[in-house]
Every structure is written in C-alpha cells, then in structure tokens.
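Structure, as structure tokens:
The values are calculated or read from the model by the stated rules, or taken from the named source; none is laboratory data. In this text, all values refer to a predicted model and were calculated from it rather than measured experimentally. Don't worry about glycine lacking a Cβ; one is built from the backbone with ideal geometry, like all the others, and counts go over all protein chains shown.
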Amino acid sequence: MNQDSGAPKKTSKRRQILLSIGLAFGLQVIASIIMTTVFVTWIISTTGQKPPQDSAAIMGYLTEHAWPALTIAMFAQGFVGIWLYKRLYRRAFKKLPEDFDHRQKGVWQELATGILIGFGLISLVVLVMMMNGSYQPVGLQLVPGILYGLALGFGAAFVEEPAYRGFLLGGLAKVMSPARAIIYSSIVFGLMHLMSSTSAGGDQALGLIGIIVSTALLFAGAYFLTKRLWLAIGIHLGWNFTLGGVYGLAVSGLPAAEGLVKHQEVTGSHLVTGGNFGPEGSLTIMVLGAAIGAVMLWMAHKKGNLKTTRQKV
C-alpha cells in the first residue's frame with residue numbers, strides 16, 4: 001500500500017522537473033530564434049551580406065553588426081520574452097503568472113531598485129579594477145554602444161529571468177528544497193552562457209564559475225525575497241547595461257563594444273578582470289554577488305518565503 005501511494009508522487013515530481021526544464025529552454029530557444037531572425041533579416045535587407053557558415057566566425061559577425069542590427073534584435077528578443085512567458089505559463093498551468101503581473105503594487109519600485117543594485121554592483125567591480133590599475137578611464141563619449149548595452153540588458157533580463165528564475169527555479173522549488181533548486185538552476189544558467197562566450201577562449205571556465213557563483217545567490221535571492229521576477233529583472237538589466245553600455249566591457253564573453261566611459265585597454269590579473277569573458281568571471285563579482293544574494297536570502301527567510309516555497313505534488 002505504501003509503495004503504491006508513493007509512486008504517483010515520484011511521477012509527479014519527475015514531471016514537474018521535466019516541465020520546468022522544458023518551459024525554461026523553450027522560452028530561451030524561441031526568443032533566440034526570433035532574435036536571430038530579426039538580426040539576419042535586417043542585415044540581408046540592408047547590406048545583402050549573408051551570415052557565415054563557419055560557426056567560429058558567427059560571434060565576430062554578430063559584433064561586427066552590433067549597431068543597429070543586433071541592438072534592434074536584442075530589443076525584439078526582450079519583448080518576445082515578455083509575451084512568451086505569459087503565454088507558455090498560461091498554457092502549462094491554466095492561469096497567468098502572478099510573479100510577472102506588472103499591475104501589482106510595488107512592481108515598478110522593485111524594478112527600479114534592481115536596476116540600481118545592478119548598477120552599483122558593477123560599478124564596485126569596476127572601482128576595484130581601477131584601484132588595481134586594470135581599468136583606466138580617459139573620458140566620456142556618446143556612442144551607439146550605449147544603446148547596444150541597454151539592448152543586451154533588456155533582451156537578457158526579460159528572457160533569462162522568466163526562463164531560469166520563473167520557470168526553472170520557481171518550478172524546481174515546488175518539488176525540492178530551495179537550496180537544491182538554487183544550485184541546479186544556477187548551474188543550468190551558467191552552462192547556458194557557454195554558448196554565447198566562445199570568443200572568451202580559455203577564460204570560459206572562469207566565466208562559468210563566476211556566473212554560477214555570483215548569480216546563484218543574487219538572482220535567486222531577489223526572486224525568493226519578493227516572490228516575483230521584477231527585482232531580479234531589474235538587477236539583470238542594470239548589470240548588463242552598466243557593464244556594456246556604461247563601462248564598455250565584455251558581457252558574458254561577448255566582445256566588448258564602446259560604452260559611455262572611454263577607457264584604455266583592460267590589463268591585469270584575470271582574477272580581477274575576468275579576462276576575455278569580462279568582469280563576470282572576476283573574483284570580485286563572485287564575492288560581491290554572493291554577499292548581496294546571501295543578505296537577500298536571509299531577508300527572504302525572515303519573511304518566511306523559503307519555508308513556504310516547497311509544495312507537495
């Protein structure tokens with residue numbers, strides 16, 4: 001009798017895990033296809049140039065046309081992410097996602113707070129690089145890279161947070177402890193970045209560790225603290241925009257474009273700079289990201305959000 005009663009729970013748990021993974025990757029893949037389609041269509045229609053067949057040359061091809069083609073494509077990806085998360089969620093669970101309802105009280109404050117946290121965190125990382133002599137600013141400039149950095153933030157935040165915090169972390173937390181859900185979702189999130197960081201070369205491993213360590217607690221902490229996506233989306237948007245659009249540094253291994261701050265070539269230890277992957281692979285961002293995330297998780301625990309997350313299925 002006990003064996004029979006336990007079997008359905010095991011099946012339901014497995015189904016929930018597979019559903020969470022499937023929805024997360026489905027959202028990521030569809031949004032990426034839309035982004036690529038918009039990008040290639042724009043390039044072919046304006047220049048007649050077709051994308052290279054060699055996969056190793058794709059990254060250079062993308063960054064060569066960062067403005068305006070890739071910028072427009074990344075904005076399109078973000079809008080698709082907003083629309084698609086709601087549609088996939090409703091189809092899977094027969095209701096709209098409460099963690100993504102912009103009409104709820106406090107949503108815009110959470111988004112703005114997240115942007116400020118992302119800006120402040122990256123600025124602290126850059127400050128450490130400046131004190132080390134690795135980052136030397138020489139002036140300010142108005143360049144298209146500012147909008148490109150904003151597009152990177154917008155496109156990534158409104159796709160990756162719904163996918164990997166909404167569907168994956170939120171889904172896994174229904175059938176396992178928050179700690180395990182954070183670890184598994186963060187590893188998946190980190191591995192996903194390997195696909196976009198081929199130009200980082202040997203610094204890919206450093207970047208992977210940095211992404212997993214810094215985001216494991218930071219983005220998960222933002223999600224559990226509010227039980228919504230907006231704080232995490234704000235942090236992600238502010239993080240990417242500040243890295244690329246403000247300081248002109250590499251974002252997740254993508255070759256850097258010029259940003260608001262004009263600077264000399266980045267030098268120094270890869271533990272400080274993250275090497276070709278960018279500051280996301282630095283020891284500084286791992287420590288700061290984990291520290292801020294730990295505070296958020298402690299606050300979430302005090303609110304009781306970690307205790308009530310796990311559900312029987």
Here the residues within region 234-254 that are polar (S, T, N, Q) and either under 14 Å from Ile117 (Cβ atoms) or touching a strand residue (DSSP E or B) at 6+ places or on another chain (Cβ under 6 Å) (or both) are Asn240, Thr242
Flag if His263 is surrounded by fewer than 24 Cβ atoms within 10 Å (Cβ to Cβ), in contact with a Phe, Trp or Tyr (Cβ under 8 Å, 6 or more places away or on another chain), of a type outside the set (A, V, I, L, M) and at negative phi = yes
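Would you point out which residue out of Gly114, Gly171, Gly166 is in contact with an Asp or Glu (Cβ under 9 Å, 6 or more places away or on another chain), touching a residue at least 12 places away in the same chain (Cβ under 8 Å) and part of a helix (DSSP H, G or I)? I'd like the intermediate steps shown before the answer.
On the way: Gly114 fails: in contact with an Asp or Glu (Cβ under 9 Å, 6 or more places away or on another chain); Gly171 fails: in contact with an Asp or Glu (Cβ under 9 Å, 6 or more places away or on another chain).
Residue meeting the stated conditions: Gly166.
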Over region 91-111, the set of residues within 25 Å of Val29 (Cβ to Cβ) and part of a helix (DSSP H, G or I) is Arg91, Ala92, Phe93, Glu98, Asp99, Phe100
Would you point out which residue out of Leu142, Leu121, Leu88, Leu84 is exposed (fewer than 15 other Cβ atoms within 10 Å of the Cβ) and either not acidic (Asp, Glu) or not in a loop (DSSP other than H, G, I, E, B) (or both)?
-> Leu142
Name the pairs whose Cβ atoms lie under 8 Å apart, with the first residue in region 231-247 and touching a residue at least 12 places away in the same chain (Cβ under 8 Å) and assigned to a helix (DSSP H, G or I), the second among the basic types (Lys, Arg) and surrounded by 24 or more Cβ atoms within 10 Å (Cβ to Cβ), and 6 or more positions between them or separate chains?
-> Ala232/Arg165
From the options Leu147, Leu194, residue that is in a helix (DSSP H, G or I), surrounded by fewer than 23 Cβ atoms within 10 Å (Cβ to Cβ) and at pLDDT below 95 | Leu194
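Mind checking which residues of region 33-65 are in a helix (DSSP H, G or I), out of contact with any strand residue (DSSP E or B) (no Cβ under 9 Å at 6 or more places or on another chain) and surrounded by 17 or more Cβ atoms within 10 Å (Cβ to Cβ)? Give the steps one after another, and end with the answer.
Looking only at region 33-65, we keep the residues that are in a helix (DSSP H, G or I), and these are 33-47, 55-64.
Filter again for out of contact with any strand residue (DSSP E or B) (no Cβ under 9 Å at 6 or more places or on another chain), leaving 33-47, 55-58, 60-61, 64.
Ile34, Met35, Val38, Phe39, Val40, Trp42, Ile43, Tyr61 - these are the residues of region 33-65 that are in a helix (DSSP H, G or I), out of contact with any strand residue (DSSP E or B) (no Cβ under 9 Å at 6 or more places or on another chain) and surrounded by 17 or more Cβ atoms within 10 Å (Cβ to Cβ).
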Looking at this structure, is Thr284 outside any helix (DSSP H, G or I) and of a type in the set (Ser, Thr, Tyr)?
-> no
Mind checking which residues of region 36-69 are of a type in the set (A, V, I, L, M) and either more than 15 Å from Ala156 (Cβ to Cβ) or modelled with pLDDT of 95 or more (or both)?
-> Val38, Val40, Ile43, Ile44, Ala56, Ala57, Ile58, Met59, Ala69
